[in-house]
Each structure stands twice: as C-alpha cells, then as structure tokens.
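Below is one structure; the comments refer to it alone.
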Amino acid sequence: MQLSIIILNYNVRYFLEQCVFSVQKALEGIDSEIIVIDNASSDDSCEMMKTKFPHIKLIENQDNLGFPKANNIGVAQANGEYICILNPDTVVAEDTFSKILNTKNWQLNTGIIGCKLIDGAGNFLSESKRGVPTPWVAFTKIFGLYKISNYFGKYYAQHLSENESGKVDILVGAFMMMKRELYLKVGGFDENCFMYSDDIDLSYLVLKAGKSNYYFHETSVIHYKGESTVRDGTYMKRFRQAMQFFYKKHFKKSWFFDVIMQAGTVVFSLLKKNQQKNEVRNIDEYIVFTKENLKLELSKKTTYLSDFNHFEHQSQKNIEIIFDTTSFSFTEIITFMKLNKSKNISFKNYILSSNYLIGSNNSNDRGQIRLL
C-alpha cells in the first residue's frame, strides 16, 4: 500500500465528515487507506463514521489520549509506505496527495513534506512553513519583530514566499506527509507532550536524523483551525507547558532563557486567546454556486450561479458564497477562494450527505455549522 491517511478527531463531527469526503475524492487512483482515531468524543462523530463511512477503519479511544499518543496508535495500524497526519478540520484538494507523492519530491534526504494551508476565508496561513523556534527566534515571534524585517523572519521561514517551494525546518501538524519508516525511526510524536508543540518536536527530530523538510506550494489545503480547542485557561496552560517541554528537551538549560520563555509563552498564549473573536457577520446576499436544481432555505436574498466566471464582486455588500460540493471539485473551490478573498466575502461549503453548511470566517475563530 502506498499511502495511509491518519485523522485524529475530537468532537468535530461535521468537520470530520467534510474532511473524509474530500480525502476520499483525493485518494481516487491511489492505493491507500484512511484511519480515523477518535479521542472519546462526546458528540456523534463515531456514529457518523459507522453510518456514512462503514468501510473506513475507526479506532475508538475510551479516553482523550492527546494528539501524540492517539496519532501514534493510528500509525501503528497503518499499512502505507507513506503516511499523512491530517487534521479533521481540513479540506484537501483532489490533486493534493498525487502531487506530493510524485517521486521527484522524494529523495534520499527527504523528511516531511507539508503544503500551502489557507484558512476558511482564503488567506494564506503563515504556519505552513516555519523555522526552529530557538529562544531567539521565538522571542522575535512573540514580540512581533518578524513584521519589521525579514532579518527577524526565521519563525515563519520568510526566506520563502508562500508561492515558493523549498526547504524549511518546521511543518504544521495539520498536514504532514512522510515515510512511515522514518516516522517510526525517530519515535513518532513524543507522548510526553499532550498537544501543541508535537509537530515542532517531530519536525526537529527529523532534522536531527539528517533529513530535510520541505514546504510544497503547488497544492493547497483549507485548515479551519481551532475546531477542537476552546482558547480558555486550560488551553493557555497546555500551550505554555508544550513550549516549555520543547525547550527543555532540545536546548541547553539556561535560567536567563527560562525566564524569557516562561514570560514569552504567557504573553503568546494570552495573545492567542484574545485573537478568538467569534465575529458575527450580517449577510446582505447569498450566492450559491451549483449545477444542480438546488434550493436552500436561506434568510436573505439568494442568487444561484452555475459558473464561477459569472461572479461579480460587489464591494459594498457583505456576501456569503456557498459552494455545492457535489457540483464543483474542492480544487476549483479552493482556487476560487484564493482568487476572491475579501473582507466582505465569506465562504461556506454545502455538504449534501448531511444537508449542512460549513466554514469559517476568520482563522482565529471557531468554525460555523448550519444545519438545513
């Protein structure tokens, strides 16, 4: 088997359904499998998987084991030569796996390959490519120095633009593809860390093993972000613990850097918490792209279009665009989002199988689900 997709779920039933739907389309023609691990969700995620995707391997943990341990359980049951660690709050394009699996991307020293991630509004996510967060690099990030000059741009690997492929140090756990053999060789995700710094740690372990990690810009994946995480006191505590875990594991102990990083992680986690706004937009008009005889029950003026070329941007209106995912490929949808991103445009996908709209207006907010 060529590829195993590992998806860890926790209480995001609707995002999981959309994710698996997109992954299935992207795996057509590839000898592959999907493994979903559920970390004791209290919603009906497992029931949904058994009903709608009965052929997919589902591992039901009785407790929330955290990100590293649960993913390690999934990888242990994988059969693919390659594995892809994938968040459930993602949507992959139909060409994502085939492009990355292209043999020219895999050489003797290749470690992990990541791709371009965008949020639910079509904006590039800077964490798609990062540098090793040494104490100094983390300091430039926490205090925003990277915004002043590329001299301070190592945290977000600013030696590459979002549209350039190349070597980077750190990739994000929402999408990581690598050989299963290498994953096992470096020990997988460190189970001593519950979540948050695990992708940094794995990327760094691969670098220490003499491999090179790569950012691949030629395919894009939507990452809605934060669906499994409410940025409350528990979030802040776990985030600080995760960053302190990484520094203690990989860097020489220094009381000076300990003080800086403890203060820095407090500031950074506060900033992350305060970024979550849960913004409510007032929609003036809905535009539904569909090639079917689809009629949705929406509260405002609704226009139905069958061709993306018929769309005209009206900057004076707040528009919500709805994509019928049975009419258009996710590749087409993602391309449209990137080309038409705007402050007054929001995007939602219509998932026919469960009759709902899903999306996110802001990378710092939790996503939105509307049952129809």
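Structure notes:
- Taking the criterion of being farther than 14 Å from residue 4 by Cβ, open to solvent by 10 Å² or more (accessible area, probe 1.4 Å) and not hydrophobic (A, V, I, L, M, F, W, C), the residues of region 57-88 that qualify are 60, 61, 62, 63, 64, 69, 87.
- Conditions (1) surrounded by fewer than 20 Cβ atoms within 10 Å (Cβ to Cβ); (2) touching a Cys at 6+ places or on another chain (Cβ under 8 Å); number of the one not met by residue 123: (2)
- When the criteria are applied in full, residue 318 fails the requirement of being on the phi > 0 side of the Ramachandran plot and not aromatic (Phe, Trp, Tyr).
- Restricting attention to region 154-164, the residues that are surrounded by 16 or more Cβ atoms within 10 Å (Cβ to Cβ) and touching a Gly at 6+ places or on another chain (Cβ under 8 Å) total 5.
- Within region 175-201, restricting attention to residues that are open to solvent by less than 10 Å² (accessible area, probe 1.4 Å) and farther than 22 Å from residue 137 by Cα, the residue that is nearest to the chain's Cα centre (by Cα) is 175.
- Output for region 316-372, where each listed residue is assigned to a loop (DSSP other than H, G, I, E, B) and more than 17 Å from residue 15 (Cβ to Cβ): 316, 317, 318, 326, 327, 328, 329, 341, 342, 343, 344
- In region 152-176, the residues that are closer than 28 Å to residue 72 by Cβ, touching a Phe, Trp or Tyr at 6+ places or on another chain (Cβ under 8 Å) and of a type in the set (Gly, Ala, Ser): 157, 173
- Per-region count, region 292-308, residues within 23 Å of residue 25 (Cβ to Cβ) and of a type outside the set (Asp, Glu): 6
- Some residue of region 235-248 being at pLDDT 95 or above, outside any loop (DSSP other than H, G, I, E, B) and small (Gly, Ala, Ser): no
- Residue within region 34-55 that is surrounded by fewer than 19 Cβ atoms within 10 Å (Cβ to Cβ), on the phi < 0 side of the Ramachandran plot, without any contact (Cβ under 8 Å) to a residue 24 or more places away in the chain and not in a helix (DSSP H, G or I) present: yes
- Strands (runs of 3 or more DSSP E) wholly inside region 94-207 containing at least 2 residues that are in contact (Cβ under 8 Å) with a residue 24 or more places away in the chain and farther than 17 Å from residue 83 by Cβ: 110-118, 166-168
The values are calculated or read from the model by the stated rules, or taken from the named source; none is laboratory data. None of these values were measured; they are calculated from a predicted model. Positions of Cβ are generated from backbone atoms using ideal geometry, with glycine treated the same way; all protein chains shown enter the neighbour counts. Just so you know, the surface numbers come from the protein's heavy atoms only, side chains and all, with ligands and any DNA or RNA stripped out. Shrake-Rupley method; radii C 1.70, N 1.55, O 1.52, S 1.80 Å.
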